[in-house]
Structure formats: C-alpha cells, structure tokens
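To start, the structure under review is shown below, and the notes come after it.
The values are calculated or read from the model by the stated rules, or taken from the named source; none is laboratory data. None of the values given here were measured: they were computed from a predicted structure. As a convention, Cβ positions derive from the backbone with ideal geometry for all residues, glycine included, and neighbour counts pool all protein chains shown.
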Amino acid sequence: MSTIAESFEKVSSQIKEACDLAKRPVESVQLLAVSKTRSADEVREMAALGQQAFGENYLQESLDKIVATEDLSLEWHFIGPIQSNKTKPIAENFSWVHSVDRLKIAERLSAQRPYYADDLNICLQVNSSREESKSGCLPEDALALALKMSALPRVKLRGLMAIPEATDDLAKQHQQFREVRELFETIKAEIPEIDTLSMGMSDDLIPAVEEGATIVRIGTALFGPRNYNQ
C-alpha cells in the first residue's frame, strides 16, 4: 500500500471514530483533500482511492491542476484568501468557495458565475478567534452578511468556514469549534437552508467533527508535510 493510501485510510478511520463519538453517521462528514503545493499526479493517486473533493489555496497553481485532471471530473473547492481581481476565474472553475469574507467578493462571484454552470456553493469565512493575521468577518457581523449573501443570484450560501486559533489544548479546541457551531445555529434560525460547517484540519479534525463539522479540510495528514520551496 502506498503512503498516500495508508494516510487516506488513517484519516478515514479518524473521521469514523469522531462520528461514532458524536453519534453521527459517517456520511454526514465530507473529507476535503487539501492539495495545495501537491502535484497533479498526487491528486490522481488520491482520486484513485475514491476521493473526489479537493481544496486549493493558490489560484494559478489550482487552475493548472484542474486542467491536468479534467478527465477525472473532480469537485474543486477554493479555500484560500480571495483578491477582488481574482474572482472571475474562481467563479468560472470551482464548485465551492469556502473563503468568502466580505459582501464585495460574494457579489463579484455572483455576477461572474457562468450562466451555464450550477450555482456556486459559498461559505462565509468567520474569524472566530479574532486574529489580525487571518481573513474572515467578525462573529458579530456574520448574520447580517449571511443574510445579504443568501439573497444573491448564481451563488448558494451553504454555511460557515472557520480556522480557529491553533492550540494543542483539546478542551480549547472543543470550545472554539463549539462557538462556531453555535454561531452557525444562530444564522440557521434565520436562513434554514444552510447546511455546512467547514472546520477542522489535520491536527484537530476529531474535535471539529464532534462539535458539528460537516466538511474537514485535510492536507498534511493525507499528503505529508509540504515543501513550499518546490
């Protein structure tokens, strides 16, 4: 068994373990394989194991990869920070965008989504830990933003995305994810159709799933450490 196959099996087992702990069906959590800095061949190897959804942070790299694997009909998610001048290729080439953090970006994605494509699934990114280095709206602004985004054509607001503060403290991990879930539930009371909580990465996927994540974004645990100098 290859290293990627072993890692895929391990991560899948962790998701099942977390779902069992939370008394949730394993089908309620989607694994998003974060393939930034990875080659098209590595994506192909992961896809051969049954993985269909891949997440990318860097636009040009991801567009090259999408073209190189177009025969596989994969589902591509953009999860990185978005500059206003980059919205058009994102709107044209992705099925999901997790990192929509302001109305202007949502409006541009709405206007630039091709007429022949399905509505673009978007998540409102929330800076739940209020870190200056991170993108995302403040929690107190999320409901008003979500209401405006949910009214836009050609995009479909699916829920929230968050990257809480990194910590090894399991109790704090749970607390941070719980706060995001509670915000999600507040917004869902006003927008019942939202259904997605994108949270949890390689180091904290189990508490994220226990606290309600429906998409976990996993890179290092699947592909190994990244080499950003390649």
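Summary table
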| read-out | value |
| --- | --- |
| Count - residues of segment 14-31 that are of a type in the set (Gly, Ala, Ser) and more than 20 Å from the chain's Cα centre (by Cα) | 1 |
| Every residue from segment 194-217 that is within 16 Å of residue 156 (Cβ to Cβ) and under 9 Å from the mean Cα position of the chain (by Cα) | 197, 198, 215 |
| One residue from 62, 110, 99, 150 being at pLDDT 95 or above, within 13 Å of the chain's Cα centre (by Cα) and surrounded by 15 or more Cβ atoms within 10 Å (Cβ to Cβ) | 99 |
| Residue under evaluation residue 165, criteria (1) surrounded by fewer than 16 Cβ atoms within 10 Å (Cβ to Cβ); (2) in a helix (DSSP H, G or I), criterion not met | (2) |
| Those residues of segment 6-37 which are more than 20 Å from residue 215 (Cα to Cα) and either in contact (Cβ under 8 Å) with a residue 12 or more places away in the chain or among the hydrophobic types (A, V, I, L, M, F, W, C) (or both), in sequence order | 37 |
| Failed item, numbered, when residue 93 is tested on (1) closer than 19 Å to residue 196 by Cα; (2) under 18 Å from the mean Cα position of the chain (by Cα) | (1) |
| Unmet requirement for residue 172, which otherwise passes all of (1) within 22 Å of residue 21 (Cβ to Cβ); (2) crowded, with 24+ Cβ neighbours inside 10 Å | (2) |
| Matching residues, segment 114-136, being under 17 Å from residue 102 (Cα atoms), within 18 Å of the chain's Cα centre (by Cα), surrounded by fewer than 24 Cβ atoms within 10 Å (Cβ to Cβ) and not small (Gly, Ala, Ser) | 121, 127, 134 |
